[in-house]
Structures are given as structure tokens and as C-alpha cells.
1. Please work out if LYS93 is surrounded by fewer than 16 Cβ atoms within 10 Å (Cβ to Cβ), in a helix (DSSP H, G or I) and within 29 Å of the chain's Cα centre (by Cα).
2. Any idea which of (1) of a type outside the set (Val, Ile, Thr); (2) in a loop (DSSP other than H, G, I, E, B); (3) modelled with pLDDT of 90 or more is the one LYS460 doesn't satisfy?
3. Could you give me the residue pairs with C-beta distances under 9 Å whose first residue belongs to the stretch 330-342 and is closer than 18 Å to SER227 by Cβ and free of Cβ contacts under 8 Å to residues at least 40 places away in the same chain, whose second residue is of a type in the set (S, T, N, Q) and buried (at least 18 other Cβ atoms within 10 Å of the Cβ) wherever it lies, and which are 6+ apart or on separate chains?
4. Name the single residue that is farthest from SER305 (Cα to Cα) among those in the stretch 218-269 being in contact with a His (Cβ under 8 Å, 6 or more places away or on another chain) and small (Gly, Ala, Ser).
5. Find the residue count for the stretch 53-71, including only residues that are farther than 17 Å from PRO82 by Cα and modelled with pLDDT under 90.
6. Contact list please: Cβ distance under 8 Å, first residue in the stretch 304-315 and of a type in the set (Lys, Arg), second residue modelled with pLDDT of 95 or more and not in a helix (DSSP H, G or I), pairs at least six apart or on different chains.
7. Which residue pairs have Cβ atoms under 6 Å apart, sit 6 or more places apart or on different chains, and have a first residue in the stretch 84-97 that is within 8 Å of LEU62 (Cβ to Cβ) and in the same structural domain as ASP438 (by TED's automatic domain parsing) and a second that is charged (D, E, K, R) and in a strand (DSSP E or B)?
8. Of all residues in the stretch 51-88, count the ones that are under 27 Å from SER138 (Cα atoms) and among the hydroxyl-bearing types (Ser, Thr, Tyr).
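The values are calculated or read from the model by the stated rules, or taken from the named source; none is laboratory data. Predicted model only: the values in this text are computed from it and were never measured. Here the Cβ positions follow ideal geometry from the backbone for every residue, glycine too, while neighbour counts run over all protein chains shown.
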Amino acid sequence: MTGKGKEEVFAGAKDIINQLAVIIRTAAIHDPGNIAVTTAVDKFLALLNPLIASEGELTLELGGEFFYINETRIRYPLEYLPNFDFLVREFKKRGLGSIVFKDVIKAVDMQTFFKAFISSVFSQTPFETFSEDVGNISSLNIGKLRRVKDEAEVGEVDIRREVKKSYFNAVSYTKGVINKIKSGEKVGIKKAKRVVEGMVDLILEQEQLLVGMTAIKDYDEYTYHHSVNVSILSVALGQRLGLSKKVLTEIGLVALFHDIGKIEIPNEILNKPTSFTDDEWSIMKRHPFWGVRAILRQRGFDAMSMRSAIVAFEHHMNFDFSGYPRTRKRFELDFYSKIISLADQYDGMTSSRVYSRIPMSPDRALSLMMERAGKQLDPILFKFFINMIGVFPVGTLVMLDTKELGLVYQSEAMFLDRPKVLVIINGKGEKVDSYIVDLTEKAPGGNFLRTIVKTMDPNKYKINLAEYLL
């Protein structure tokens, strides 16, 4: 690194990656010598070569769903999202993990590179073919994708164990701290921060696994699981927005205590097994006020407690102020409130609660939230949320056109309607040892091997999600 700071040096890195995607899209439909391709390549080199000259060597690497340049994660604006997701998909198709630019690049070499990149996807061994075709370009090297999330890898079991441990530690901590606050004890913020920092670290590396844990609902301890789930979903959404680790930790902390005001609600109302009366709903709607009071009593008037109090007050107001509490005038809702409101609504809809024992299916919840986008929910944030969670969220029970029945296991960034599915019942209707299928896989003729036909109700089939997802 030169004397310049990382932020200054990599300010144009997002444009380099975006332009790389533009060239690949263009080269896929035009000859490499076409003016549209050569112009795009010239623009790419005008962005890339000064950075190579500055750094000496430049490594563009794919890690999970994100791109890094010289180990610095590159964040990008909303308008770049389609191109970044497209490029992730194209790298994965070829098993390409990195491109190392060792010296300034000539246009003729980049034309060779893109021609090889496009044609390699038709090979049975795309990475090997691509590597051979660019082997004579002395100014760059390519590296194979490290599939850190592959189920076949030995480390997968340890990763899942770490994710589960982190999740249930957070639930246990939340239960303890809520009960302490309820009994009038003072609680410190340091341990809460460590718990959230642990979740933030996991989300940065294993987003899908930790977000998948939020599909495991616990009716008996809804309050504690809900608090942790909202924290995880809020942090994951914040990561998709490109927020810093410090801000992600703040959001996670604030989200963990967004419903703290419910400690003031009598148990006979909070645990009522039937619908609330009007008077009971009136009491429930006061928990945002009580949340503000509980937070300020605990932590005084520092910046973090004020942010937490604001979110506790605003998280049910809705984007269009159609919720509660009602205010005399409209104002700009806090950014954290908008994020946490999204996470809160989704987890609430998909959970079995005391007063709503039958949870909504994840896809139905998203459909309802889509109707609310621009009204009750911030429409821009919702676009990022649905891209994060997938059209068919983790835990959704689906029927495939092969008659197989399975649970959505992992979302795909580029094909939101074609996730990985954990099949639990085969095409003959027989329960089998579960196996994973990728709905983006195609037959030689180009047709998809499997497609989701419809979603199903796991409660109807008495399927315990925890049995398969934990």
C-alpha cells in the first residue's frame, strides 16, 4: 500500500468491477473486435491500469457473494447490484476465484482474456480451459475458486457448529438480560456488544448459514428468538447495503433490544392463547413508549442509548406513518428504524406466536411485504431485503416438478427463484436421507433439471425444520 489511505486508493474499484461485468455482457453478444467491446475494454483499462501502477500488483478475488481487491471488500451503490450479482454468477460458472493483475495490461491481452472467458463456459472443465487459453498473457494470472461453503468439504460441519453455537449463545444471553431488566437489575453493554460482534463476524463470512438459523422458530421462547432473529436479519440487510462493521454492530445491538418495552406488558396479555380484545391491543401498542423508558433507565442518555430509544419508539410506525405510536407531525424515520422494522415484520409474520399460533409461510410473508413496499415499508430497503432473503427464503417447503419435496437450503444471488433445495421426500413419495440439489443446474439441452412448482405448509406434513436445518 502506498501513502494514500485504502479508501482513497480503492475509490474507483467498484467502477472497475462494474465495467468488467459490462464487458462480459457485451462480449457475450458481439465479436471481440466489435467497437462496442473495444470501447468498453478501453474504458476498463483507463480505470484499471492507474490502480495497478499505484499498487504494483492487483488481485481481484471472489469471496462468498462479494468481491475483494487486495483483500479489501469492495462496496457498491444500488445501481451496480445487477452487474455485481451477474459477475459473481459468471465467476462461479467457471470456477474462477481470482484474477491477479501483475502489471499494466494491454488492450490486445484483455481481448484475448475476454474471448477465453466467454468460450470457457461451454467446456466440461471451464476453469482448466480458461487457464490454458490465457496462459500466454504474462501480465496476469487466474486462480481457482475456493468453495468454502461446499457441503462436501470437511470444514462445513465445523462451520455449521460454530454458527449454531453463536446463535444459541445469543438466544441464551438475550433471555438472561431481558429477565434481569424485567427484575429491575442494571445490565452492562459490553457483553451484549461481544455477542453481536460475534454474529456480525459470522454474517460477514457465512451470511446464508446464520440467516438460515432464523428459520428455526421456537414457540415457547418466542420473545428471545425473535430478538436475536431481528438482530441477525438487520445486520445481514445492513451488510447488503455496504455498511461498515462498526455500524453493523450498532444495528445488531439496537435490534436486540427493539422490543424491550414488552417487559411491561402483563403476562396474562402477552401469553394469551387467543386474539386480543381492543383494550388488550391498546396495552400492547404502548410497548414502544415503555421501551424508551426501559432503555434510558438502563443506560442514561449516551449516543447509543438514544439511538436504541429512537428505534424502540419508531419500529412499529411504518414508512407511511400508518402504524403506532401516532404522532402529530410526520418526520424522517431513523435509518436503523427502517431496517429493523423490515426484519421485525418478516420474522413476526413467519413465527408461531402465542396470539398467532399458525405462522405464515416465508414466501407468503414476502408477498405481503411486497404489497406493503412503498407504503408500510421503505421500498429501496425492501429490494435489498428480498435480494438477501431470496424469493423462496431458507426453510420454505417446496414441491419440485420432479415430485420431490424439499426445504430451501440456500438462496442464489443471481437466480432468486432457483435456490439450493434439501430434498427430504423423493419423486415416489418416499422419505429419504436428505440430499442437496441446485435448481440452477441444466440438462445438456439447456432446460433446467428441476423447477419449483409450488410451496407447501410444513405444519400440514408435520415437518420439523430444526431436524433438517440445524
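1. In short, yes.
2. For LYS460, the exception is condition (3).
3. That search, which allows pairs on different chains as well, returns SER341/ASN318; SER341/GLN376.
4. SER227
5. Summing the residues that are farther than 17 Å from PRO82 by Cα and modelled with pLDDT under 90 in the stretch 53-71 gives 8.
6. Listed pairs, sorted by first residue: ARG307/ASP334.
7. The qualifying pairs do not exist here.
8. Final tally of qualifying residues: 4.
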